[in-house]
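Structure record follows, encoded as structure tokens.
The values are calculated or read from the model by the stated rules, or taken from the named source; none is laboratory data. None of the values given here were measured: they were computed from a predicted structure. Note that each Cβ is placed from the backbone with ideal geometry, even for glycine, and that neighbours are counted across all protein chains shown. When the accessible area is computed, the model is the full protein with side chains, heavy atoms only, and any ligands, DNA or RNA have been set aside. Shrake-Rupley method; radii C 1.70, N 1.55, O 1.52, S 1.80 Å.
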Amino acid sequence: MPSLKPLALLLALAGPALAEGLAEPLTAMEGDAGRGRAIIADRSRGLCLLCHSGPFPEERFQGNLAPSLAGVGARMSASELRLRLVDSRRVNPESIMPAYHRAEGLHRVAPALRGRMLLQAQEIEDVLAFLLTLREESP
């Protein structure tokens, strides 16, 4: 049976890097939580509620494929959330969450979206600002 020590060492070394996420903001301007909430709730822009649920009482149909967004600001740091928004596959290679701020190296992309990012840097910071306000879990 092969030794698991090399794999354990690799995971131990990679773990801190993944846990740190992306510490530096993508823009000089601070994110706006109101704009971020609007992006999340907009099914044609953020697409978040196709998979996630959260504290959006006005939205009738919310997803259940991914964790609830309720309390996410208490569960994750800004750096961790920013990394997931930019490219969730850097945390979990099997993730089905779109890379919102990456355009290169993607497969199965609609022709109209090829070479384009789903969200611009300021929009990522806006969504992040809103997610960080979500401190309470759903009842």
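Hey, can you tell me all the residues within segment 87-106 that are over 20 Å from residue 65 (Cβ atoms) and hydrophobic (A, V, I, L, M, F, W, C)? Give the steps one after another, and end with the answer.
Just the residues of segment 87-106 that are over 20 Å from residue 65 (Cβ atoms), to begin with: 101-105.
Correct list: 103 only.
Could you list, in sequence order, all residues of segment 88-118 that are over 18 Å from the mean Cα position of the chain (by Cα) and assigned to a helix (DSSP H, G or I)?
Scanning segment 88-118 gives 111, 112, 113.
Let's see how each residue does on (1) of a type outside the set (S, T, N, Q); (2) in contact (Cβ under 8 Å) with a residue 12 or more places away in the chain:
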| position | (1), (2) |
| --- | --- |
| 73 | yes, yes |
| 79 | no, yes |
| 85 | yes, yes |
| 91 | yes, yes |
| 97 | yes, yes |
| 103 | yes, yes |
| 112 | yes, no |
| 127 | yes, yes |
| 137 | yes, yes |
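Within segment 100-139, work out how many residues are in contact with a Gly (Cβ under 9 Å, 6 or more places away or on another chain) and of a type in the set (A, V, I, L, M). Lay out the reasoning, then the answer.
Quick first cut of segment 100-139, residues in contact with a Gly (Cβ under 9 Å, 6 or more places away or on another chain) only: 100, 103-104, 109, 118-119, 122-138.
Checking the rest, the ones that are also of a type in the set (A, V, I, L, M) come to 103, 109, 118-119, 124, 127-129, 131-132, 134.
So the answer is 11.
Filter segment 88-111 for residues that are hydrophobic (A, V, I, L, M, F, W, C) and open to solvent by less than 100 Å² (accessible area, probe 1.4 Å); which is farthest from residue 47 (Cα to Cα)?
Going residue by residue through segment 88-111, those that are hydrophobic (A, V, I, L, M, F, W, C) are 91, 96-97, 99, 103, 106, 109-110.
Next cut, open to solvent by less than 100 Å² (accessible area, probe 1.4 Å) only: 91, 97, 99, 103, 106, 109-110.
Values: 91: 20, 97: 10, 99: 12, 103: 17, 106: 18, 109: 15, 110: 15 Å.
This residue is 91.
I need the full set of residues from segment 69-87 which are open to solvent by less than 40 Å² (accessible area, probe 1.4 Å) and either assigned to a loop (DSSP other than H, G, I, E, B) or in contact with a Cys (Cβ under 7 Å, 6 or more places away or on another chain) (or both), in order please. Even if it seems obvious, please write down each step before you answer.
Step one: filter segment 69-87 for residues open to solvent by less than 40 Å² (accessible area, probe 1.4 Å), giving 69-73, 78-79, 81-83, 85-87.
Within segment 69-87, 69, 70, 71 qualify.
Keeping to segment 56-68, report how many residues are open to solvent by 50 Å² or more (accessible area, probe 1.4 Å) and either within 26 Å of residue 26 (Cα to Cα) or in contact with a strand residue (DSSP E or B) (Cβ under 6 Å, 6 or more places away or on another chain) (or both). Spell out how you get there, then give the answer.
If we filter segment 56-68 for residues that are open to solvent by 50 Å² or more (accessible area, probe 1.4 Å), which is where we start, we get 57-58, 60-62, 64-65, 67.
Now drop any that are not either within 26 Å of residue 26 (Cα to Cα) or in contact with a strand residue (DSSP E or B) (Cβ under 6 Å, 6 or more places away or on another chain) (or both), which leaves 67.
Adding up the residues that qualify gives 1.
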